[in-house]
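Data block below; observations after.
What follows draws every value from the coordinates through simple rules; no lab data is involved. The shown structure was predicted, so the numbers you read here are calculated from the model rather than taken from an experiment. Positions of Cβ are generated from backbone atoms using ideal geometry, with glycine treated the same way; all protein chains shown enter the neighbour counts.
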Amino acid sequence: MKKILFQGDSITSARRYPEDMNFRGSGYATMVSAQLGYERPNEFEFVNMGIGGDRITDLLARMKCDFINLKPDYLSILIGINDAWLDVAQNNGVSAERFEMFYNILIEDIKTALPEVKIMILEPFVLKSEFNEEVWDAFRCETEKRAVAAKNVAEKNGLVFVPLMKTFDEMTKIAPNDYWSFDGIHPTAAGHEIIKRAWLEGFKTLEN
């Protein structure tokens with residue numbers, strides 16, 4: 001059975017229970033596992049290790065225990081929104097340049113330890129909301145910088161990149177922003193469906 005590991009912050013965690021590995025939260029990780037598990041029974045083991053509030057530096061800090069030691073066959077990572085938000089709101093984020101540098105270190109070390117692992121990088125995204133409107137221009141700008149950095153990391157390391165920002169933007173033309181995200185950061189069920197569909201498209205490429 002091949003192991004799929006989901007990594008990231010609260011968007012990936014989606015209120016999972018750390019003490020219960022069988023509960024993968026209420027977000028896209030569970031939605032992916034439901035669809036793939038139904039379509040391809042007993043083929044995959046799904047593990048969600050997302051942790052709310054994580055930045056790229058936190059992923060580096062737990063790289064051994066929560067990435068390498070788990071020995072996944074497939075790995076997806078969605079990180080960057082906290083790096084951008086804390087930079088804007090508290091002047092305590094990770095700059096876009098260092099974000100890209102740390103991301104590359106993370107990927108290089110994982111690939112060295114697990115040369116056969118197939119990795120997919122998801123693009124960080126943000127929508128305007130009442131919670132971020134006072135700093136919206138700066139927040140969007142900083143998020144876009146991390147999105148570019150994530151894409152650069154994927155391209156440099158020959159990984160699959162899954163764009164999300166444009167899709168979320170386009171969906172706001174169909175329904176209001178808060179239909180897709182409660183606060184501009186955390187997706188609703190419909191928002192997680194957007195990520196799930198993009199994830200599955202990326203996974204097709206990852207398997208080839």
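Do any trypsin sites (Lys or Arg not before Pro) in segment 132-194 lie in a DSSP loop with no more than 13 other beta carbon atoms within 10 Å, and if so, which?
In loop regions of segment 132-194 (DSSP not H, G, I, E or B), the sparsely surrounded trypsin sites (Lys or Arg not before Pro) are LYS173.
Please compare each pair in LYS3/LYS128; LYS118/LYS173; LYS128/LYS204; LYS166/LYS204; LYS2/LYS166 to a cut-off of 28 Å on the Cα-Cα distance and tell me which ones are over it.
Table pairs above 28 Å Cα-Cα are LYS3/LYS128; LYS118/LYS173; LYS128/LYS204; LYS2/LYS166.
About the Cα centre, and with charges only on the beta carbon of Lys, Arg (+1) and Asp, Glu (-1), how big is the dipole of segment 1-152? Nearest 20 debye, please.
Computed about the Cα centre, the dipole is about 460 debye.
If the chain between LYS173 and ALA61 were fully stretched, how many nm would it gain, using 0.36 nm times the residue separation less the Cα-Cα distance?
Taking 0.36 nm per residue and subtracting the Cα distance, the gain is 36.4 nm.
Enter the Cα centre distance for the pair segment 24-40 and segment 110-164, rounded to the nearest angstrom.
First find each Cα centre; the distance between them is then 22 Å.
For segment 118-127, in order, what is each residue's ³J(HN,Hα) by Karplus, 6.51 cos²θ - 1.76 cosθ + 1.60 with θ = phi - 60°, in whole Hz (x at glycine and Pro)?
3J(HN,Hα) across segment 118-127, in whole Hz: 9, 10, 10, 10, 9, 7, x, 8, 7, 10.
Can you tell me the relative contact order of segment 1-117? Whole percent, Cα pairs under 8 Å, sequence separation 6 or more.
Relative contact order, segment 1-117: 32 percent.
What net charge do the residues around ARG62 carry, taking every other residue with its C-beta under 14 Å from that of ARG62, with Lys and Arg at +1 and Asp and Glu at -1?
Once positives and negatives cancel, what remains is -3.
Please list, ordered by chain and number, the residues whose modelled amide H lies under 5 Å from the amide H of LYS118; skip anything fewer than 5 residues away on the same chain.
TYR74, LEU75
Taking the chain as a Gaussian network, where each spring joins two C-alpha atoms under 10 Å apart, which residue of PRO187, PRO72, PRO41 fluctuates the most?
Taking springs between Cα atoms under 10 Å, the residue moving most is PRO41.
Run the numbers on segment 2-207 and let me know its relative contact order in percent, using alpha-carbon pairs under 8 Å that are six or more apart.
22
Taking amide H positions as placed 1.01 Å from N in the peptide plane, with prolines and chain starts having none, which residues 5 or more places from ASP9, or on another chain, fall under 5 Å of its amide H?
ILE51, LEU78
Got the relative contact order for segment 142-208 handy, in percent, Cα pairs under 8 Å and 6 or more residues apart?
For segment 142-208, the relative contact order is 27 percent.
What whole-number distance in Å separates the alpha-carbon centres of segment 47-64 and segment 188-204?
Rounded to whole Å, the Cα centres lie 21 Å apart.
Mind sorting out which of (1) 17.5; (2) 18.1; (3) 17.0 is the real Kirkwood radius over Cα pairs in Å computed from the coordinates?
The listed entry that was calculated here is (3).
Which value at 222 nm does the chain reach when only helices count, each DSSP H run of 4 or more adding -39,500 (n - 2.57), with the total divided by all residues and rounded to the nearest 500 deg cm²/dmol?
Rounded to the nearest 500, it is -15000 deg cm²/dmol.
Longest exposed-loop-site-free stretch of the chain, with GluC sites (Glu not before Pro), DSSP loop and at most 12 other Cβ within 10 Å?
Looking at the chain, 131-208 is the longest stretch - no exposed GluC sites (Glu not before Pro) with at most 12 other Cβ atoms within 10 Å.
Please give the residues of segment 143-177, grouped as numeric ranges, whose backbone N is less than 16 Å from a label point set 7 Å along the Cα-to-Cβ vector of GLU130.
What the label zone holds, given the 16 Å backbone N cut-off, is 176-177.
Highest GNM mean-square fluctuation, the chain, Cα pairs closer than 10 Å: which of VAL148, VAL88, VAL135?
Greatest mean-square fluctuation among the candidates belongs to VAL135.
Could you check what % of the DSSP bridge pairs in the chain are antiparallel, to the nearest 5?
Of those bridges, close to 5 percent are antiparallel.
Taking the Cα centre of segment 2-207 as the origin and placing charges on Cβ (Lys, Arg +1; Asp, Glu -1), which of PHE139, GLY8, PRO72 is farthest toward the positive end of the dipole?
Value computed over the given set: PRO72.
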